[in-house]
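Remarks on the structure that follows.
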Amino acid sequence: LQKSLNETFGADKYSEARKEVLTNMFSRPMQMALYFCTGVLEDETLFRHYALNVPFYTHFTSPIRRYADIIVHRLLSASLGASSPIRMKKEAIQSQADHCNDRKMASKRVQELSADLFFAIFVRVRA
């Protein structure tokens, strides 16, 4: 897809912007990952990462970026015995996960609307 986009849009001053917008629009239909507490889910097939084809998967990035990553780091550290156990009930952890999912979805929606606005302005200016 990326190679095709590079070849299609050439090298004028708007080519990068067109490619960025369309790449963003192509990736929208992909299912968004959700945070959840494994202790509240009985179906372990939900722990699977489809694209990586692994039965158990935990995603996190640097804990300086997002609150959800801080929680994941703390839980992993406690589960490995590197820190003291987390003093939260699994329902409270799930509540935090739900909140993080809500914020992530809201942020994604604003990003999509911003891209739509940029694209509309781009089309209007170019027409």
* FRET efficiency for Phe47 and Ala92, Cβ-Cβ distance as r, R0 = 30 Å, nearest 0.05? -> 0.90
* To do: Normalising by the residue count of the chain, find the relative contact order in percent from Cα pairs under 8 Å and 6+ residues apart.
  => 22 percent
* Asked: For segment 31-126, what log10 I(q)/I(0) values come out of the Debye formula at q = 0.10, 0.14, 0.16, 0.17 1/Å, with one point per alpha carbon and no solvent?
  -> -0.38, -0.65, -0.79, -0.87
* Asked: Probe 1.4 Å, all protein chains in place: accessible area of Asp43 in Å², nearest 10?
  -> 70 Å²
* **Förster-model FRET efficiency, 41 Å R0, Ser83 and Leu113, C-beta, rounded to 0.05** => 0.55
* If you roll a 1.4 Å probe over segment 31-126 with all protein chains in place, what percent of the accessible area is carbon or sulfur? -> 59 percent
* Glu7 accessible area, assembled protein chains, probe 1.4 Å, Å² -> 130 Å²
* What FRET efficiency do you get for Glu7 and Phe56 if R0 is 41 Å and r is their Cβ-Cβ distance, rounded to the nearest 0.05? -> 0.55
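Pairwise over distinct Cα atoms, reciprocal of the mean inverse distance: report the Kirkwood radius of segment 35-82 in Å, one decimal place.
On the way: mean 1/r = 0.0841 Å⁻¹.
It is 11.9 Å.
Mind checking the per residue accessible area of the chain for me, 1.4 Å probe, whole number of Å²? Display every interim value, and only then the final one.
Details: 9860 Å² over 127 residues.
With the other protein chains kept in place, the chain gives 78 Å² per residue.
The values are calculated or read from the model by the stated rules, or taken from the named source; none is laboratory data. Since this is a predicted model, take the numbers as computed values, not measurements. With ideal geometry, Cβ positions are generated from the backbone for all residues, glycine too; neighbour counts draw on all protein chains shown. The accessibility values were calculated without ligands, DNA or RNA, using every heavy atom of the protein model including side chains. Shrake-Rupley method; radii C 1.70, N 1.55, O 1.52, S 1.80 Å.
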